[in-house]
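Rule-based calculations on the coordinates, nothing more; no lab input. In this text the structure is predicted, and so the values were computed from the model without any measurement. As a convention, Cβ positions derive from the backbone with ideal geometry for all residues, glycine included, and neighbour counts pool all protein chains shown.
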Amino acid sequence: MAYQYIVCDPDKCVGCGLCEFACSAVKHEVFDPLLSRIRHVRIEPIVMMSISCRMCEDPPCVIACPRQALSQSAETGVILIDDDKCDGCGWCIQACPFGTILLNSQTKVVEICDLCQDEDEPQCVKYCLKDALTLSTPQVVAQKARLDVVTRLLQELLGQESATA
């Protein structure tokens, strides 16, 4: 089953970091990007985007946890954390291929995006001023990527044909 996760369009993202502030405000009632469950990434000089949990099928973070503190919701794909079992060992952090798991330095318990399950929608998506963040599935993301590639190839071919004509 393909679960929805937050996708960032790097063509729209301006790197404002508002997504991080919205997340930390909702989850911790402070404006602190270090407590955000979504991370803003800047790849110099021009690519900026945010990334959060991808709700993997067979999530490596759950498999790596030696205390069985992590599980995955069969309904939403959200990674659930048993705060009483998590000792902050960090195995899940190392296992995550996307680097989206946070160790809360105060509680020593990991935190992972839960798509703002207590809200009507993920707050990072709601407050993104440039509509760079959306909820999507891997299949939709892959289809969009294929369409983008085909569009660019057609534009390139049409450009070459008009240059030779």
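Computed about its Cα centre, the charge dipole of segment 68-124 is approximately 400 debye, with only Lys, Arg, Asp and Glu carrying charge at their Cβ. Projecting the Cα atoms of Q106, S50, Q4 onto the charge dipole of the chain, computed from C-beta unit charges around the Cα centre, puts S50 farthest toward the positive end.
Computed extension length for D32-Q143: 36.5 nm, one decimal, from 0.36 nm per residue of separation with the Cα-Cα distance subtracted. In this label model, L135 and C89 are separated by 3.3 nm, measuring between points 7 Å along each Cα→Cβ vector.
A Förster distance of 30 Å, applied to the separation of the beta-carbon atoms of L158 and V47, puts the FRET efficiency at 0.65.
Based on Cα contacts under 8 Å between residues 6+ apart, the chain shows a relative contact order of 27 percent. Where does helix 138-164 land angle-wise versus the long Cα axis of the chain, in degrees 0 to 90, nearest 10? For 138-164 against the chain, the angle is about 20 degrees.
Charge dipole (Cα centre; +1 on Lys/Arg Cβ, -1 on Asp/Glu Cβ; no other charges) of the chain amounts to roughly 380 debye. If a cysteine in the chain has no other Cys Cβ under 4.7 Å from its own Cβ, put it on the list, ordered by number. Taking the Cβ cut-off of 4.7 Å, the unpaired cysteines of the chain are C8, C13, C16, C23, C56, C65, C86, C89, C96, C116, C128. Between the Cα long axis of helix 18-28 and the first principal axis of the chain there is an angle of about 20°, rounded to the nearest 10.
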